[in-house]
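The values are calculated or read from the model by the stated rules, or taken from the named source; none is laboratory data. It should be emphasised that the depicted structure is a prediction, and the values quoted were computed from it without experimental measurement. Heads up, the Cβs are rebuilt from the backbone with ideal geometry, glycines too, and the neighbour counts pull from every protein chain shown. Surface areas here come from the heavy atoms of the whole protein model, side chains and all, with no ligands, DNA or RNA. Shrake-Rupley method; radii C 1.70, N 1.55, O 1.52, S 1.80 Å.
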Amino acid sequence: MNNQRTLLLIIFSVTFWLIACEKEITIDLPDVEDKLVVEGKIEYDGITNTPPIVILTKSTGFFEPTDLNSLQDLFVHDAVVTVAVDNISHQLTEFCLSEMLALISSGVIDSSLVEDLLGATLENLIGFEYCLYTIIDNSLYGQPGKSYDLTIVSEGKTYTSTTSIPPLNPLISVWYETQKDDTLGFAWARMYDPPGKGDAYRWYARRISHNGLGEEKDAFFVAPFGSSFEDKFIDGLEFDFAYDRGHRPGDHDDDPGETPHFFKKSDTIVIKFCTIALPVFEFLRIMEVEANSNGSPFASPSTIPTNIDNNGLGLWAGYGVTYDTIFGQ
Amino acid sequence: MVKQLLFLICFTLISLASWSQTEFVLSGTVTNDSTKEPIAGATVIIKELQKAVSTDNNGLFNFTLPEGNYTIVIRHIGMSEITKAVELNKNVNLQLKTNMETIVTETVEITDSKIDGNVEKTDPGTLVLTKAEVKSIPSMLGQTDVLAALQLYPGVQSAAQGISGMYVRGGGPDQNLILLDGVPIYNPAHLFGFYSIFNTNVVEKVTLIKGAMPANYGGRLSSVMDITTNDGNDSTIHASGGTGLISADLTIDGPLFKNKATFSISGRRTYIDVLGKPIIQLIDKDKEWGYYFQDFNGKLVFHLSDKDKFSYSGYYGEDAFKILNKPAGFGLGISWGNATSSLTWQHIFSDKLVLSTQAYYTGYRSKIDISQNTYEVKLYSGIYDWCGKSDLKYYPSDRHTIKIGGSYTYHTFTPTNIAANTDALTTIDLDQRIKQYSHDVAFYLSEEYTMNNRLRFRLGLRYSYFQHVGPFDKYLKNEFGIITDTIHYERGEHVADYNHLEPRFSARLLLNSSSSIKMAYVQNYQYIHMVSYATVSMPTDIWIPSSEKVKPQVSTQYSIGYFKDSKNKVYETSIEMYYKTMANQIEFKNGYSPEDDLLDNPENNFVFGDGKSYGIELFIKKKTGKTTGWIGYALTSTSRQFPDINSGEEYYAKYDRRHDLSLVAVHKFNENWSLSGVFVYATGNATTMPESRYAIGGSIINEYGKRNNYRLVDYHRLDFSVTYNPKKNKNRNYKTFWSFGIYNVYNRNNPYFIYFDDSNYFNEGIFDTKAKQVSLFPIMPAVRWEYFF
């Protein structure tokens, strides 16, 4: 359903491909003030104590490059970042990439958490000055049912936000089901949504089976299109659902022998199923709608509903995480 | 508002009391001698008194004059002028017959029924087009179109290149009351809006009222487009048809019972799918692609007596589009269409009293079907009306025309409905049809009063009542948007209602025989609303009723104009100014997707605001001579202000257009050949552009600036067409007609929309964004061949 705008665009593209033409144009956009962009998460998975991670960047002009090289110049350093829970405030410390790698190797933080946030593998990031804010003394970690207040003081401005980690809701079962050509299929799951509307969820999957180079097929968890959903239609129901494989934003090539959208029957897949708060769902949903419209005349531009105040952008999100594994056959 | 009603009643009574002098009634009917059809909109002039009236839809006219000798002149587009001397010493009723000067398919002079009406008629902002005029204008792919022709007049705009959605004086496309033989049409678009559903060959006359909407029309804010179709020839059976680059059509009409009943049937279909299928199969046999539209018009007219006319009119049209990619398991089907059916009875009680009663059904539905392997989603939407209405016209004297009437409509709405099926999702049943129902009632009283030779008024008052009734489930939400409760209303149970008085006023002050000043004030309420998901008219648009949350739209328009004929009425000119405010306008909320309507009331996904439009319209027309044509120019500004959009700040509407210029010229070389050309220029559409961006989770997110903060480049285009109208071969019982044209002569790449092409390979450090402008319709040929039996 979220693909509707894209489909309408397809219709027009097909209908008028014979007579339509396109050309590159120059658009003179006004200079706008950079805004603080917050990308922060705090998780609870019932297994490990996971500290909050916050990445601070700035927005940039529309036609300015936002590749990895350019992005490192957008990181905001020397901000005072605190997270308060149960009326106790904890200050986060800024770590840049070399220090991060040390933290990961010492097991203080999980590499996939960092890669999820940065949107790139750490391997690809080596040589870049990427930084994040976290806490490593185990004094603060995610717990379900608790509310976390984020405060950022940067360049004389103060930004605040609040999120919570909803109670966990483990999937009842997960399995692979062939959809095409006997070997290609989707990951399926059965879940139960407790009565009472207002619950929301997010689905990630990661193939840990190896490719031809002996590496895990996915370096981190991938959220497919439409990965988040609320319980408006499923409140109080037990039901089956499925997701295709999806791809990371920015990934355009699969490993040789892979088919876009499909898992292979032989894949071992780890499912990361998260409970999220409704504002987090709204952010993720509209972000996908917007990413999909991209100037299409068949849609209206959407403003992403940030939960960061004081004219900030981005998201401070709590996740209640459970893991399941589908073993390859 | 009560004061306004009392004023109207008092005014009517006082003015009625002033006809006490000794006078006789001069009335009559104007008919086409060859088809026996009454001629509506013909101008009837009393030469000695310089008085003029127009014939009504039954061809009737009526004067009350002092005893004397008079010369009556009858004029109408493409019709031989009639002059008749009358000695009026008793009541006189005339049966006036005339012949058409040209058959409709010939190249005609650009004239319209504003002959003498430009200065004389009461209402500013009214246009009348005939089939001949529509056909004389160059068209895209040889498919002449009523809406495309109307868009060449000032104050009437298209949504985008080639789009037939109509925006009148800053109003949205749902704010136009589009009537086909008196029956509303809810989506006049074929081919995603590139053509209208109106087959030019069946159109008799098009009246567009963009300013002073008389009280007998209502329910929309911006305009009335009233299209009447041919009754059918009363003498002999005729057939006519044509073939263009994308479609063919055929019309047959004639007597059913000699002098008692006529029929007219017409059909039209595209053959893009038929021609394209083998090509697509040749390219890839696993893929299917198809599109067609078709429509049918039918009309039966029974003249039961000299005083009774009974008619049936029907329309059915549909568009269907499909894509099937078998290897990918992907399918997409979109279909939409309108259907109407109406019965009309007209009874002439006397020369002074005519009753018209109509019952009709009209429906519009759309369906989108998307399938991917075993997963299938369907979206349905539509609106269906049953209506009865009655209008009484009373001509107590030539100074007065009184109209009184009422209507009742039962609306059934099916806003976005979604059905989803998959082999596994057996526990979720989304296959449902949520409907909404409403009663729509209106009464009106209208009086046109000629005070003296210079001053004429039209006063009108319309009372409208709208009731949203059950069955209906109202979903109540808390501050977090979570549905906390549902209120169920039983069938017929009252949910919400509204009633309003809508005053209408227009006046004409004749300065001299060739110039006048007109002014108008109108207030309109609109109880049903189309909410558009896209920036262009699409099958995804939904119609919804006013409800507890959705208040009726209301507009107030003031307009004033100066009208002048010159060079013995060879030229007519006008300059009009208007100011219009619109309240309770509707948009979808930020981030809306159609699935948000599932298990929810659509109105929970709307935001509401106000609109404003003002402008000046210039019009110069050369009506006679070898070269005819017009220049239309509008300088306008249209804005919207919504508390929940653009941080509450006022912004330009997407159809705001600062400059809008149309030049139309037709040159007739001789009886066989003519050349016509159209040039249009318009300020680029307002659109919203991203101003900055940021990265989050590996995705690049656009941050938009102010709503509609950017203008697409200006639009301009030149079209030509040559028509060849050979003399009829006496050995043949048919006649042919050719039209050759070039659309977009200098191949202007006019913008349709802009998108951003991201080469976004984030992990590899590659990121490049280019703005791309998509244009439709480069230089294109147009050919059309027509035949007549």
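Here is how the numbers come out for the structure above:
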item	result
Any chance A:Glu215 is under 19 Å from A:Glu115 (Cα atoms), of a type outside the set (S, T, N, Q), out of contact with any Pro (no Cβ under 8 Å at 6 or more places or on another chain) and open to solvent by 20 Å² or more (accessible area, probe 1.4 Å)	yes
Test: residue in the stretch B:505-512 that is at pLDDT below 90 and out of contact with any helix residue (DSSP H, G or I) (no Cβ under 8 Å at 6 or more places or on another chain)	yes
Out of B:Tyr578, B:Tyr614, B:Tyr571, sole residue that is aromatic (Phe, Trp, Tyr), open to solvent by 20 Å² or more (accessible area, probe 1.4 Å) and in contact with a Gly (Cβ under 9 Å, 6 or more places away or on another chain)	B:Tyr614
Subset tally (residues that are of a type in the set (Gly, Ala, Ser) and closer than 25 Å to B:Ser513 by Cα) for the stretch B:546-576	4
Strands (runs of 3 or more DSSP E) contained in the stretch A:36-108 and holding at least 1 residues over 20 Å from the mean Cα position of the chain (by Cα)	A:80-85, A:88-96
Yes/no for A:Ala205 being open to solvent by less than 10 Å² (accessible area, probe 1.4 Å) and in contact with a strand residue (DSSP E or B) (Cβ under 9 Å, 6 or more places away or on another chain)	yes
Any chance B:Val722 is part of a strand (DSSP E or B), touching a Leu at 6+ places or on another chain (Cβ under 7 Å), open to solvent by 30 Å² or more (accessible area, probe 1.4 Å) and farther than 30 Å from B:Glu649 by Cα	yes
Filter result for A:Ile55 (surrounded by 16 or more Cβ atoms within 10 Å (Cβ to Cβ) and assigned by TED's automatic domain parsing to the domain that holds A:Leu150)	yes
All strands (runs of 3 or more DSSP E) inside the stretch A:177-281 with 3 or more residues being assigned by TED's automatic domain parsing to the domain that holds A:Lys41, over 24 Å from B:Lys477 (Cβ atoms) and not hydrophobic (A, V, I, L, M, F, W, C)	none
Residue match in the stretch A:166-173 (condition: more than 13 Å from chain B (Cβ to nearest Cβ), surrounded by 17 or more Cβ atoms within 10 Å (Cβ to Cβ) and assigned to a strand (DSSP E or B))	no
Test: residue in the stretch A:11-32 that is at pLDDT 80 or above, hydrophobic (A, V, I, L, M, F, W, C), open to solvent by 50 Å² or more (accessible area, probe 1.4 Å) and in contact with a Gly (Cβ under 9 Å, 6 or more places away or on another chain)	yes
Where a residue in the stretch B:269-291 is under 17 Å from B:Gly331 (Cα atoms) and its partner, wherever it lies, is loosely packed, with under 12 Cβ neighbours inside 10 Å, with Cβ under 7 Å and at least six apart	B:Asp286/B:Pro327
Filter result (at pLDDT 90 or above and within 13 Å of chain B (Cβ to nearest Cβ)) within the stretch A:199-226	A:Asp199, A:Ala200, A:Arg202, A:Tyr204
Of all residues making up the stretch B:317-342, the number that are part of a strand (DSSP E or B) and either within 14 Å of chain A (Cβ to nearest Cβ) or surrounded by fewer than 16 Cβ atoms within 10 Å (Cβ to Cβ) (or both)	14
Counted residues, the stretch B:181-237 - those being charged (D, E, K, R), under 16 Å from B:Ala148 (Cα atoms) and out of contact with any Leu (no Cβ under 8 Å at 6 or more places or on another chain)	0
Subset of the stretch A:119-131 that is open to solvent by less than 10 Å² (accessible area, probe 1.4 Å) and within 10 Å of chain B (Cβ to nearest Cβ) - its residue that is modelled with the lowest pLDDT	A:Gly119
Some residue of the stretch B:684-705 being away from chain A (no Cβ under 12 Å), within 21 Å of B:Val134 (Cβ to Cβ) and open to solvent by less than 60 Å² (accessible area, probe 1.4 Å)	no
Residue that is surrounded by the fewest Cβ atoms within 10 Å (Cβ to Cβ) [pool: residues in the stretch B:543-564 that are touching a residue at least 60 places away in the same chain (Cβ under 8 Å) and part of a loop (DSSP other than H, G, I, E, B)]	B:Glu548
Tally of residues being crowded, with 19+ Cβ neighbours inside 10 Å, under 16 Å from B:Ser247 (Cα atoms) and either in contact with a Lys or Arg (Cβ under 9 Å, 6 or more places away or on another chain) or not assigned by TED's automatic domain parsing to the domain that holds B:Thr362 (or both) across the stretch B:267-291	1
Boolean, B:Tyr195 is among the hydroxyl-bearing types (Ser, Thr, Tyr), modelled with pLDDT under 90 and over 16 Å from B:Thr126 (Cα atoms)	yes
Counted residues, the stretch B:205-231 - those being closer than 14 Å to B:Tyr315 by Cβ and open to solvent by 10 Å² or more (accessible area, probe 1.4 Å)	3
Pair list, Cβ < 7 Å and 6+ apart or interchain, from the stretch B:708-728 residues that are more than 14 Å from chain A (Cβ to nearest Cβ) to residues that are of a type in the set (A, V, I, L, M) and part of a loop (DSSP other than H, G, I, E, B)	B:Leu718/B:Val745; B:Asp719/B:Val745; B:Phe720/B:Val745
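Results for (1) within 14 Å of chain A (Cβ to nearest Cβ); (2) farther than 28 Å from B:Phe194 by Cα; (3) in a helix (DSSP H, G or I), shown as yes or no for each residue.
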| position | (1), (2), (3) |
| --- | --- |
| B:Gly242 | no, no, no |
| B:Leu245 | yes, no, no |
| B:Pro255 | no, yes, no |
| B:Gly267 | no, no, no |
| B:Phe296 | no, no, no |
| B:Val301 | no, yes, no |
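Yes/no per residue for (1) touching a Ser or Thr at 6+ places or on another chain (Cβ under 6 Å); (2) open to solvent by less than 20 Å² (accessible area, probe 1.4 Å); (3) modelled with pLDDT of 90 or more:
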{"site": "A:Lys232", "(1), (2), (3)": "no, no, no"}
{"site": "A:Phe273", "(1), (2), (3)": "yes, yes, yes"}
{"site": "A:Val289", "(1), (2), (3)": "yes, yes, no"}
{"site": "A:Asn294", "(1), (2), (3)": "no, no, no"}
{"site": "A:Pro297", "(1), (2), (3)": "yes, yes, no"}
{"site": "A:Ile308", "(1), (2), (3)": "yes, yes, yes"}
